[in-house]
Amino acid sequence: MPRQLSIHSVRGRMPVRYGVRPLMRALKILAYMLLAGWCIFVLFTRVHQDSVWWMKFIPLAVLFVALDAFLRQLTSLHSVVFTPQALILRYPLRPVLAIPYASLSSMELRKVITYYVFWGFTDSQGRQRMIKTQASFPKMLEIMYNIADLAPHIRLNEDLEKMIKVMRDVLSRQENPDAD
């Protein structure tokens, strides 16, 4: 039997926070730092001028991948907080971004190698901006539903509009189980 989809509305119980577990993020950052340190150690102690070319290349390639993953962990979305006034996006090394629901203009789900959610909004200077985050963020379906619920004027792409409609139906069935 398929797993039951559980969607919860944040309306009436704000502030509500969704986020990455800090321990998991810290362990990943530590692992990438250790991997990068090991690569630097290998480059300075084991690789010499007469080493074969792949002994020179492999530690550099692994170092590049480890540093890229390390920086991604430090700049990716850490938490989403729903407050009565705004949607607050927090990042480990980037400034906190508070977006009033009225300034949200669009939400799209796109596949660019992996799935991403794009939120369009107008910033405090009146410029149109776009935020991109991975759709694999914890409870992203519930987050997208709540954004669509709190900002009914938001423009959705066709696939996301169908998905939000299904989530609204699921939520109405959860709230009224004997209405079937």
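The values are calculated or read from the model by the stated rules, or taken from the named source; none is laboratory data. Computed from a predicted structure; not experimentally measured. Quick reminder, even Gly has a Cβ in these numbers, built from the backbone with ideal geometry, and neighbours come from all protein chains shown.
Return the only residue of Ala69, Ala102 being under 28 Å from Met33 (Cβ atoms) and either under 15 Å from the mean Cα position of the chain (by Cα) or of a type outside the set (Ser, Thr, Tyr) (or both).
Within the list Ala69, Ala102, the selection yields Ala69.
Could you tell me whether any residue of region 120-127 is within 22 Å of Met163 (Cα to Cα), touching a residue at least 40 places away in the same chain (Cβ under 8 Å) and in contact with a helix residue (DSSP H, G or I) (Cβ under 6 Å, 6 or more places away or on another chain)?
So far as region 120-127 goes, no, none of its residues is within 22 Å of Met163 (Cα to Cα), touching a residue at least 40 places away in the same chain (Cβ under 8 Å) and in contact with a helix residue (DSSP H, G or I) (Cβ under 6 Å, 6 or more places away or on another chain).
State all residues of region 126-140 that are at pLDDT 90 or above and not basic (Lys, Arg); if no residue qualifies, say none.
Gln128, Met130, Ile131, Thr133, Gln134, Ala135, Ser136, Phe137, Pro138, Met140
With respect to the numbered conditions (1) under 13 Å from Ala135 (Cα atoms); (2) surrounded by 15 or more Cβ atoms within 10 Å (Cβ to Cβ); (3) not small (Gly, Ala, Ser), which one is the sole condition not fulfilled by Val81?
Failed condition: (1).
Got a sec? Which strands (runs of 3 or more DSSP E) wholly within region 1-120 have at least 2 residues that are out of contact with any Leu (no Cβ under 9 Å at 6 or more places or on another chain) and closer than 16 Å to Met144 by Cα?
16-19, 104-112
Arg90 - would you say it is surrounded by 16 or more Cβ atoms within 10 Å (Cβ to Cβ) and of a type in the set (Lys, Arg)?
yes
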